[in-house]
1. Based on what the data block shows, is Ser59 hydroxyl-bearing (Ser, Thr, Tyr) and either closer than 18 Å to Phe102 by Cα or over 14 Å from the mean Cα position of the chain (by Cα) (or both)?
2. Residue by residue through segment 76-94, note down the ones that are exposed (fewer than 10 other Cβ atoms within 10 Å of the Cβ) and β-branched (Val, Ile, Thr).
3. In this structure, does Gln37 turn out to be of a type in the set (S, T, N, Q), more than 10 Å from the chain's Cα centre (by Cα) and farther than 22 Å from Val14 by Cβ?
Amino acid sequence: MKEEKEQIKYENGVLIVKGENGIVNVAMALSSPTRIQILNYVRGKEVDMQQIAEFIKQSKANASAQMKILENAGLIKTLYKPGIRGVKKICTTNIKEVKFIFE
């Protein structure tokens with residue numbers, strides 16, 4: 001069996017995924033309607049975890065768990081910004097399309 005090189009890269013709004021594990025990881029992240037809603041909500045803007053939790057009508061802990069799955073799949077970028085009490089986790093994405101390459 002040929003050894004695959006895992007590869008996930010981002011080009012002009014397209015997430016390009018190559019390799020079995022990468023494809024499975026991204027496909028699993030996209031398999032949830034809630035995570036699809038989150039991707040559509042955060043696309044093109046910066047949103048904090050409280051806003052995401054309110055949007056999906058779940059607790060911040062549940063929203064954070066959903067975001068972790070999206071982040072691990074390379075679908076969301078997170079950063080930390082100063083907040084009123086400490087730092088806030090900010091999420092964003094500019095991904096408009098996902099392309100799977102099977103080789």
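1. For Ser59, the condition - hydroxyl-bearing (Ser, Thr, Tyr) and either closer than 18 Å to Phe102 by Cα or over 14 Å from the mean Cα position of the chain (by Cα) (or both) - is met.
2. Passing the criteria: only Ile84.
3. no
Taken together, the values in this text are just the output of simple stated rules run on the coordinates, not laboratory data. Small disclaimer: the values here were computed from a predicted structure and weren't measured. Methodologically, a virtual Cβ is constructed for each residue, glycine included, from the backbone with ideal geometry; neighbour enumeration extends over all protein chains shown.
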